[in-house]
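Here is the structure we will look at.
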Amino acid sequence: MSDTSSPVPAERSALVLFSGGQDSATCLAWALDRYDRVETVGFDYGQRHHVEMQARERIRGGMATALPDAAARLGEDFVIDLSGYGAIAESALTADRAIEMEASGLPSTFVPGRNLVFLTVASALAYRRGHGVLVGGMCETDYSGYPDCRRETIDAMQTTLALGLATPLEIATPLMQLDKAQTWALAERLGGRALTALIEEDSHTCYRGERGERHSWGYGCGHCPACELRARGHAAWKASLPA
Ligand code: ZN
């Protein structure tokens, strides 16, 4: 499907949208378990916290230990500068604004059109790199009302991108119907305690970018919506485990 030759057929080759958070770290493990060739892409769009970029490197490096059989399938990492988009999409994540609910009913962390932009840019890279699958951590179960996380939106994007590129393209969203506790359980099924420990220690979710305090679920301020969601899900997952 592309102008980069690869011995792996496109439908066996995946590009993971990888931010270094819990969800995309789990997606990376899922892809390594499922596809013959996996690469990662991250987007720098002027987030407040370059801590996200550091988390990406630690998680990728840790996969060799957590998933020894799959690690050889992990290929290159790409970071794409989307600071121009970040300037348009200014919100609590990309500017110094409080994290709160707005009159629209969406949290101020909503970056308008973010996943549409990410998927479009990722599809161009996938085309060039010979990937027939994009993997993203979008989730409509405990998403914060983000309309671009819904499977209906993703289905429309999949159709649009495949038409626009004139090539088959699948957008896989393995977390779409999972809550955060089920996402932890999926990581455990994929990589056991080694993987869940890696995600606890090195993935980053906190909207405020804090890594001062280590909780049972990882680092973070403990109070922002992302930390609260992560902490609740981790507690529910732990409670579901046999004593
Ligand atoms: Zn936080």
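The values are calculated or read from the model by the stated rules, or taken from the named source; none is laboratory data. No experiment lies behind these values; they were computed from the predicted model shown. Cβ placement follows ideal geometry from the backbone for every residue including glycine, while neighbour counts extend to all protein chains displayed.
Listed values, structure above:
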read-out	value
Residue identified as modelled with pLDDT of 85 or more and among the charged types (D, E, K, R) among 102, 39, 52, 90	39
Residues located in the range 20-55, provided they are among the hydroxyl-bearing types (Ser, Thr, Tyr), touching a Gly at 6+ places or on another chain (Cβ under 6 Å) and buried (at least 22 other Cβ atoms within 10 Å of the Cβ)	24
